[in-house]
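Heads up: the structure comes next, in structure tokens.
The values are calculated or read from the model by the stated rules, or taken from the named source; none is laboratory data. Small disclaimer: the values here were computed from a predicted structure and weren't measured. Methodologically, a virtual Cβ is constructed for each residue, glycine included, from the backbone with ideal geometry; neighbour enumeration extends over all protein chains shown.
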């Protein structure tokens with residue numbers, strides 16, 4: 001579904017990502033582990049067209065999207081739920097969600113269905129649908145952000161640290177929702193610092209450090225790997 | 001009492017003009033993050049274009065205003081592509097300097113085409129109406145009505161249509177807007193087009209009760225900046241309420257105190273509001 005090959009990204013002074021290779025199969029849940037500053041967000045921002053790579057190639061759904069604009073990438077079926085959520089804080093929850101369907105807005109019946117699916121996935125949002133997104137709690141804002149990404153009817157969803165700043169109980173709810181989304185056949189690529197929970201729900205994983213892939217493999221193998229255990233699982 | 005009603009309607013008419021001009025300025029500020037210092041000059045260009053369409057081409061008044069708005073909208077798109085789009089990665093001071101350049105360019109251009117003197121545009125509605133005992137010129141009634149219609153249409157466009165919402169989305173979160181697939185270039189062009197069209201309408205409306213001159217944008221520019229700072233930078237309701245508030249203060253102070261007091265009232269009100277609420281009435285603290 002998504003093949004990232006030899007991808008390097010720099011912000012001017014030196015590269016932040018160094019020839020990264022990552023493959024995510026259709027419908028799978030792939031986790032990207034890494035500490036702060038390891039390049040997870042840069043990787044995602046490049047894949048979704050927010051920043052340009054200095055070299056390398058990103059292929060999504062059989063198409064080269066390395067030089068595509070964000071709008072074209074969303075239209076192809078890759079949705080990005082960014083770190084820090086980036087909601088429209090002074091718009092209502094429902095308007096945020098409806099703008100998530102911006103690229104597919106002409107198919108009104110489909111948008112209706114997608115909105116219902118989002119409310120089913122996050123029932124808490126239904127009651128708050130007319131409140132401004134900025135007034136919600138962190139967990140609910142994260143739900144709006146995931147819901148908004150899902151409204152574009154994606155084949156694959158990339159989630160950048162959805163558990164950041166959330167209480168453990170809320171994190172669990174968000175992870176349950178991610179599993180639910182994945183079971184509907186939507187591929188998920190998840191960046192997490194919370195390695196234990198992430199590896200539990202993932203199929204395969206990659207470990208990033210200082211902009212390089214240092215480990216990769218099936219999620220179960222990674223969870224058993226002594227290096228991962230030491231660095232991320234605190235064993 | 002008659003005098004008061006007369007001045008109230010004058011205030012409403014002036015407020016309508018100020019609102020239309022201020023909304024254009026606040027929209028560009030909200031989306032692109034810099035003040036367009038050429039806004040007053042565009043107001044002047046809008047006035048001259050309306051004049052030419054009305055007097056030289058001979059179009060009916062309302063048609064002339066609509067055409068002038070369309071012409072200015074096209075100029076807005078051209079300016080965005082030619083001047084501001086190439087600067088998109090530059091610091092915002094560069095945009096501001098560019099708008100000053102645009103201002104001087106437009107003033108010189110108008111002096112070249114229409115001359116430096118005053119032009120008088122006759123009101124096509126030169127009658128008077130009696131409202132609650134007060135004599136009101138029909139042109140002012142037309143201004144109030146047109147301004148209301150445009151304000152309502154604009155609010156519906158911004159709040160209800162998906163294009164209006166994409167403007168608002170970019171104002172509130174650029175990254176979020178890009179990720180849902182909104183093209184920032186298209187929104188920038190649209191914002192300039194709407195902003196310039198609005199300032200053309202306000203100029204077309206005010207032209208029959210003022211004289212046209214290449215310097216007519218300067219005083220408006222100052223007042224319109226005061227309005228959007230008063231209302232809160234980038235805020236649409238702020239521009240509307242600020243526009244009427246400042247216009248009323250100006251009209252009432254010049255009627256009941258002195259003409260000079262009218263000019264001063266604008267800035268006394270501004271200072272008073274900023275002393276109490278430094279971000280303006282509807283302003284939010286934004287870090288840029």
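Taken as a whole, the structure leaves residue B:89 outside the set of residues that are surrounded by 14 or more Cβ atoms within 10 Å (Cβ to Cβ) and more than 18 Å from the chain's Cα centre (by Cα).
Looking across segment A:53-69, the residues that are crowded, with 17+ Cβ neighbours inside 10 Å and within 16 Å of residue A:189 (Cβ to Cβ) come down to A:58, A:60, A:65. Residue B:159 meets each of the listed conditions (1) exposed (fewer than 15 other Cβ atoms within 10 Å of the Cβ); (2) in contact with a strand residue (DSSP E or B) (Cβ under 8 Å, 6 or more places away or on another chain); (3) modelled with pLDDT under 90 apart from (2). Of all residues in segment B:4-28, those being out of contact with any helix residue (DSSP H, G or I) (no Cβ under 7 Å at 6 or more places or on another chain) and either farther than 17 Å from residue B:246 by Cβ or crowded, with 20+ Cβ neighbours inside 10 Å (or both) number 3. Output yes when any residue across segment B:89-105 is farther than 29 Å from residue B:215 by Cβ and within 14 Å of another protein chain (Cβ to nearest Cβ), and no when none is. Yes, segment B:89-105 contains a residue that is farther than 29 Å from residue B:215 by Cβ and within 14 Å of another protein chain (Cβ to nearest Cβ).
Only a single item in (1) modelled with pLDDT of 95 or more; (2) out of contact with any helix residue (DSSP H, G or I) (no Cβ under 6 Å at 6 or more places or on another chain); (3) within 14 Å of another protein chain (Cβ to nearest Cβ) is not met by residue A:41, and it is number (1). Just to verify a result, which residue in segment A:55-80, among those that are within 8 Å of another protein chain (Cβ to nearest Cβ) and in a strand (DSSP E or B), is nearest to residue A:17 (Cα to Cα)? Only one residue tops the list, namely A:80. Considering every residue within segment B:192-208, establish whether at least one is surrounded by fewer than 18 Cβ atoms within 10 Å (Cβ to Cβ) and either touching a residue at least 24 places away in the same chain (Cβ under 8 Å) or within 23 Å of residue B:163 (Cβ to Cβ) (or both). The answer is no; no qualifying residue exists. Screening residue A:87 with (1) assigned to a loop (DSSP other than H, G, I, E, B); (2) surrounded by fewer than 21 Cβ atoms within 10 Å (Cβ to Cβ); (3) within 14 Å of another protein chain (Cβ to nearest Cβ) gives one miss only, at (2).
Of all residues in segment A:98-114, those that are part of a helix (DSSP H, G or I), away from chain B (no Cβ under 12 Å) and over 15 Å from residue B:180 (Cα atoms) total 4. Please determine whether any residue of segment A:10-31 is within 14 Å of another protein chain (Cβ to nearest Cβ), modelled with pLDDT of 95 or more and either under 21 Å from residue A:151 (Cα atoms) or surrounded by fewer than 22 Cβ atoms within 10 Å (Cβ to Cβ) (or both). So far as segment A:10-31 goes, no, none of its residues is within 14 Å of another protein chain (Cβ to nearest Cβ), modelled with pLDDT of 95 or more and either under 21 Å from residue A:151 (Cα atoms) or surrounded by fewer than 22 Cβ atoms within 10 Å (Cβ to Cβ) (or both).
Would you call residue A:17 in contact (Cβ under 8 Å) with a residue 60 or more places away in the chain and within 17 Å of the chain's Cα centre (by Cα)?
When the stated conditions are applied, residue A:17 does not pass them.
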